[in-house]
Amino acid sequence: MNESILYTINMQNNPPLILVVDDELDITRICKIKLERSGFRVITAANGAEAVEMAIKQHPDLILMDIKMPFMDGATAQKKLAENPNTKDIKVVFLSAFDNPAHMKSDQAFSREVGAEDYIKKGVDIDDLVNKVKGYLNVH
């Protein structure tokens, strides 16, 4: 069977679950709407502590998580997820609003150091975000 047909069937019967974690409600809302319209199931959390709890309960296929948040930041949440045998294999991609190229390079390096799959700058075109998510999940 053609790979794109298999993807379509899988997306219809069991779409991947994405956890979007950000303390900015507008970011989670925009991501949720666009990802759901693209065929994904989406849950949201407002901080790293909520993200860890939801990841344990829901076991998402991918987590898009802000780095800087109150209560528990993204790096601490990523470390907790990596330490837990039930969540250690969940892919995490960090989001950040920094516009300064020096900050972006250091955030990218930091993201990889703590075990995140990648780093995406907030404000990226939402269609690009969806395409990146599909790439992380190896679906087209």
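Taking label points 7 Å from Cα along the Cα-to-Cβ direction, Lys68 and Lys91 give a separation of 2.7 nm.
Taking Met54, Met69 and ordering them by how much accessible surface each has at a 1.4 Å probe, largest first, produces Met54, Met69. Spin-label model, Glu53/Asn138: points 7 Å from Cα along the beta carbon direction are separated by 3.3 nm. What net charge do the residues around Phe40 carry, taking every other residue with its C-beta under 11 Å from that of Phe40, with Lys and Arg at +1 and Asp and Glu at -1? Result for the neighbourhood of Phe40: +3.
With respect to the cross-link table entries Lys68/Lys91; Lys34/Lys79; Lys34/Lys134; Lys32/Lys121, which display a Cα-Cα separation exceeding 23 Å? Don't jump to the answer; show the numbers that get you there.
Details: Lys68/Lys91 18 Å; Lys34/Lys79 28 Å; Lys34/Lys134 13 Å; Lys32/Lys121 17 Å.
Too far apart for the 23 Å limit: Lys34/Lys79.
The values are calculated or read from the model by the stated rules, or taken from the named source; none is laboratory data. This is a predicted model, so every value here is computed, not measured. Virtual Cβ from ideal backbone geometry, glycine too; neighbours counted across all protein chains shown. Heads up: the accessible areas ignore ligands, DNA and RNA and are worked out on the full protein's heavy atoms, side chains in. Shrake-Rupley method; radii C 1.70, N 1.55, O 1.52, S 1.80 Å.
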